[in-house]
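Encoded as structure tokens, the structure appears first; notes follow it.
Please treat every number below as a calculation from the coordinates, not as lab data. This structure is a prediction, so every number in the text was calculated from the model and none was measured. For neighbour counting, all protein chains shown are included, and Cβ atoms are generated from backbone atoms with ideal geometry for every residue, glycine included.
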Amino acid sequence: CHHPVDGKESYAKCATAGCHDNLKDKKGTNSLYYVMHAKEKADAPLKHQSCLSCHVKVVAEKPDLKKDLTGCAKSKCHP
């Protein structure tokens, strides 16, 4: 987890119970798929950026990281 929870930085896994543990649906704030893939924060009722929108933002600022940040598994963020 890369965003504050209850005002404190939390590094729990995204699918931790009570977070984004709905692994079946593709919509809604408890859906792991949705919070990872929403292209823009405005597309989602999210308080924080989605995984994808954050990766896109970082690559826009630092194009040399595009290859390193492509995909979830085996990227620089999630080796």
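Some values worked out for this structure:
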{"quantity": "Listed peptides 10-22, 26-38 by packing density, highest first (mean Cβ within 10 Å)", "calculated": "26-38, 10-22"}
{"quantity": "Length gained when the stretch Lys67-Lys27 is fully extended (0.36 nm per residue, less Cα-Cα span)", "calculated": "11.6 nm"}
{"quantity": "R0 of 35 Å, Cβ-Cβ distance Ala15-Ala60: FRET efficiency to nearest 0.05", "calculated": "0.80"}
